[in-house]
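S.K.: Take this structure first; my questions come after.
The values are calculated or read from the model by the stated rules, or taken from the named source; none is laboratory data. Everything numeric in this text was worked out from a predicted model, so none of it was measured. Here Cβ is always computed from backbone atoms with ideal geometry, including for glycine, and neighbour counts include all displayed protein chains. Accessible surface areas use protein heavy atoms only, side chains included; no ligands, DNA or RNA. Shrake-Rupley method; radii C 1.70, N 1.55, O 1.52, S 1.80 Å.
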Amino acid sequence: MTYFPFFMDLSSLNGLIVGGGNVALRKLQVLLPYGAELTVAAPSMLPEVTQLPGLTRLLCYFCPALLEGRDYVIAATGDQALNRWIAALCRGRGILVNAVDDRTACSFLFPALVRRGPLSIGISTGGASPTAAVYCKERIAQLFPEEFGDLLVYLEGLRDRIKTALPEDTHRGQCFARLFYTCLERGWPLEEAVLADLLAGGEALS
């Protein structure tokens, strides 16, 4: 099966991670920067898990009542049989579930992730080769330096100004393209004269 890469607003969803070990910690570290609302449930947790901000922590064994009101669940207990039971319960209730290291029990997979500010690139081989996914992640990360995220933040800050100056979609799209490539060529922020020239339909790069 080939999985479709949805991009979702996690801040509006209620997530549960069952497990408090290293695997659960890695999942938390991936999800929390995206504004995820998460509850972690386990009879014991690593100190690193207890120190993470923005979590609801429940020191308890798993029980089906924990699934109430959840939009997605990650089963990361280290016990494959327990993970599969959790996954089966979730599927029966229509809850998205990821059972760690058990693709057949999952309804969604975690991608290998490259993040640069607002830019998120997810890589998945459908579980065929995690090594290949990591290889692709490392190659893609080399293409996008950390400051690429700063460029996107800068461009986002100009969107309202461009929409006001160029109400027609066709002209606006051309301006966004010229602006992006000019920033790549010259760096950012752009001088006001250069920006004004772009808004007026100039090429700036010439």
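S.K.: Given a 1.4 Å probe, how much area per residue of the stretch 54-206 is accessible, in Å²?
M.R.: Per residue, the stretch 54-206 has 59 Å² of solvent-accessible surface.
S.K.: Please report the Cα spread of the stretch 45-113 along all three principal axes, rounded to whole Å, starting with the longest.
M.R.: The principal-axis extents, from largest down, are 32, 31, 22 Å.
S.K.: For the chain, how big is Rg over Rh, using alpha carbon atoms and the Kirkwood form of Rh?
M.R.: The Rg/Rh ratio comes out at 1.10.
S.K.: With +1 on each Lys and Arg Cβ and -1 on each Asp and Glu Cβ, and nothing else charged, work out how big the dipole of the chain is about its Cα centre, in Debye to the nearest 20.
M.R.: 740 debye
S.K.: When only C-alpha pairs under 8 Å and at least 6 residues apart count, what is the relative contact order of the chain, in percent?
M.R.: After rounding, I find 13 percent.
S.K.: Right, something else. Give the dimensionless ratio obtained when the Cα radius of gyration of the stretch 73-182 is divided by 2.2 N^0.38 Å.
M.R.: Dividing the Cα radius of gyration by 2.2 N^0.38 Å gives 1.55.
S.K.: How high is the relative contact order of the stretch 143-203, in percent, with contacts defined as C-alpha pairs under 8 Å that are six or more residues apart?
M.R.: 36 percent
S.K.: Which order do peptides 180-193, 23-36, 115-128 fall in by mean Cβ count within 10 Å, highest first?
M.R.: Ranked from most to least packed, the peptides come out as 23-36, 115-128, 180-193.
S.K.: Right, something else. Carbon and sulfur atoms: what percent of the 1.4 Å accessible area of the chain do they account for?
M.R.: 56 percent
S.K.: How far, in nm, would the chain grow between Leu143 and Phe6 when pulled straight, counting 0.36 nm per residue and subtracting the alpha carbon separation?
M.R.: Difference between extended and current length: 47.0 nm.
S.K.: Of the candidates Glu48, Glu168, Glu147, which one comes out as most mobile in a Gaussian network treatment of the chain with C-alpha springs shorter than 10 Å?
M.R.: Glu168
S.K.: To test your reading of the geometry: what angle, between 0 and 90 degrees and rounded to tens, separates the Cα axis of helix 130-143 from the longest principal axis of the chain?
M.R.: 20 degrees
S.K.: Between the stretch 114-141 and the stretch 150-201, what is the separation of their alpha carbon centroids in Å?
M.R.: Taking the Cα centre of each part, the stretch 114-141 and the stretch 150-201 sit 29 Å apart.
S.K.: Give the average over all directions of the projected area of the C-alpha convex hull of the stretch 129-179, one decimal, in nm².
M.R.: Over every viewing direction, the Cα hull of the stretch 129-179 projects on average to 5.0 nm².
S.K.: Which log10 I(q)/I(0) values does the stretch 1-101 give at q = 0.17, 0.21, 0.22 Å⁻¹ under the Debye formula, counting every alpha carbon as one identical point scatterer?
M.R.: Log-scaled intensity ratios, in q order: -0.72, -1.12, -1.23.
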